[in-house]
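Written below as structure tokens is the structure these notes are about.
The values are calculated or read from the model by the stated rules, or taken from the named source; none is laboratory data. What you see is a predicted model, and the numbers here were worked out from it, not measured in a lab. In this analysis, Cβ positions are derived from the backbone assuming ideal geometry, glycine residues included, and neighbour counts consider all displayed protein chains. Side chains included, ligands, DNA and RNA excluded: accessible areas come from the protein's heavy atoms. Shrake-Rupley method; radii C 1.70, N 1.55, O 1.52, S 1.80 Å.
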Amino acid sequence: MVSPQSIHIFCHVIDNLGDVGVCWRLSRQFAHEHGLDVTLWVDDLFSLKRLCKTLDLSKDRQGVDGVTVRRWPQDGAVFSPDEVGDVVIEAFACHLPDSYVAAMAQRATHNAAHLVTTGKPKPAWINLEYLSAEAWVEDCHALPSPHTSLPLTKYFFFPGFTEKTGGLILERDLFARRDAFQADAQAKTHFFSELGVQVSSDACVASLFCYSFAPVEDLFKAMQVDAQAIVCLVPQGVASDAVSAFLQQPAIAGAKATSDALTVQVIPFVDQHKYDQLLWGCDINFVRGEDSFVRAQWAGKPFLWQIYQQEENVHAGKLDAFLGHYVDGMPTGSALAMTRFHLAWNGIRDAGALHDQWQALRAALPVLTQHGHDWAQRLSQHGDLASSLLQFIAKIS
Ligand code: TRH
């Protein structure tokens with residue numbers, strides 16, 4: 001068996017930032033921790049630039065943070081067998097260009113005859129799936145799907161929360177960096193002041209990342225009558241209508257207003273590295289989609305998740321499956337508070353009840369804080385997605 005030297009990841013941005021967020025994080029991890037030659041093919045460089053500020057939008061091909069970032073191949077692009085990656089990851093069933101698949105098949109055919117001379121393995125083809133805590137994921141994880149006409153097999157690889165899945169993206173040094181940051185009051189103050197935020201130590205600090213249709217107005221009303229001062233930090237561009245209605249001014253970085261117990265402040269939309277620090281530095285985090293949802297779990301803090309909505313309410317089952325895992329072992333009152341808030345926040349139950357759910361959640365915060373820390377530790381025992389992928393590839397090669 002020849003170990004893979006190169007990985008090509010293909011990412012089609014459907015909407016928002018989760019697809020490219022996951023691919024960018026994984027690309028860097030393969031390059032930094034596994035020494036692989038990584039190429040990330042993306043069809044929307046603009047979205048990637050929001051997470052990676054140094055990206056040059058004018059370039060079709062560039063090296064960024066140890067990764068070669070390439071614009072999605074143009075129609076009619078032709079590839080030679082040597083140009084394809086030893087590992088090819090098709091993120092979220094994005095459909096690889098036909099000419100690229102043809103080159104993979106050529107490599108596979110050549111390979112049978114020339115393995116010793118070319119020294120390149122048959123390409124391993126992985127479809128990386130979306131994250132879900134539903135039970136069926138374990139049954140579908142790692143299933144093969146042979147190509148109908150070419151000598152290639154694609155494998156379905158599912159991230160997940162159990163040992164029978166591919167695990168979650170987790171960098172080797174993440175917990176060490178998180179712990180150092182959280183233990184260093186000066187680093188925290190410096191980080192926040194760079195964002196233009198001054199927080200007094202007796203305030204509860206929240207970060208808010210959600211979809212525009214989240215019941216933000218109800219949340220702000222609930223926070224306004226909180227017994228403790230709350231500072232809610234909102235990256236620019238998030239829930240702008242509700243935020244500017246509260247602020248009575250455009251929701252741009254630096255804008256800030258206080259009403260009763262609640263201060264809302266707009267902060268810049270930061271890169272992924274700083275976004276991790278934001279999650280580590282806050283007392284509670286509102287997150288959404290897939291990647292911020294996972295990062296909030298690694299932050300080891302209480303978090304509230306707005307799940308990506310799907311047709312026919314499919315997301316309600318996914319939310320339920322996750323909460324089932326998450327609240328397992330929690331004291332009943334805190335588990336109920338966590339579950340009920342999520343149902344209201346996700347519009348599965350009347351959002352008008354958010355005020356009461358917020359009060360209950362606040363009361364449960366000490367328990368949720370301890371639980372968040374323990375959960376992150378426990379989850380990390382399942383191994384990380386990048387390592388699981390490489391182990392799996394070694395097995396199928
Ligand atoms: O943006 P999302 O909603 O993304 C997705 C996509 O919609 C996708 O199509 C869908 O299938 C998936 O959700 C479930 O949420 P997510 O996944 O959290 O991605 C946001 C990315 O933005 C994540 O990598 C974190 C990053 N981010 C920053 O880097 N800086 C910031 O300031 C903020 C707020 C986020």
**Prompt:** What number goes with the only condition from (1) away from the ligand (no atom under 16 Å from the Cβ); (2) under 20 Å from LEU128 (Cα atoms); (3) among the charged types (D, E, K, R) that GLU90 does not pass?
**Reply:** (1)
**Prompt:** Taking helices (runs of 4 or more DSSP H) that fall entirely within the range 269-340, which contain at least 2 residues that are near the ligand (Cβ under 10 Å from one of its atoms), out of contact with any Asp or Glu (no Cβ under 8 Å at 6 or more places or on another chain) and touching a residue at least 60 places away in the same chain (Cβ under 8 Å)?
**Reply:** 272-281, 291-299
**Fill in**
Subset of the range 190-224, residues modelled with pLDDT under 95 and of a type in the set (Ser, Thr, Tyr), comes to SER200, SER201
**Prompt:** THR54 passes all but one of (1) part of a loop (DSSP other than H, G, I, E, B); (2) under 27 Å from GLY166 (Cα atoms); (3) within 16 Å of the ligand (Cβ to nearest atom); which number fails?
**Reply:** (2)
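This table checks each residue for (1) out of contact with any Asp or Glu (no Cβ under 6 Å at 6 or more places or on another chain); (2) open to solvent by 10 Å² or more (accessible area, probe 1.4 Å); (3) polar (S, T, N, Q).
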| residue | (1), (2), (3) |
| --- | --- |
| HIS342 | yes, no, no |
| TRP345 | yes, no, no |
| ILE348 | yes, yes, no |
| LEU354 | no, no, no |
| GLN357 | yes, yes, yes |
| ALA363 | yes, yes, no |
| ARG378 | yes, yes, no |
| HIS382 | no, yes, no |
| ALA394 | yes, yes, no |
**Asked** Out of all the residues in the range 315-352, which are touching a Ser or Thr at 6+ places or on another chain (Cβ under 9 Å) and among the basic types (Lys, Arg)?
**Response** LYS318
**Request:** Please work out which residue is nearest to VAL225 (Cα to Cα), limiting yourself to the range 188-213 and to residues that are small (Gly, Ala, Ser) and open to solvent by less than 30 Å² (accessible area, probe 1.4 Å).
**Result:** ALA203
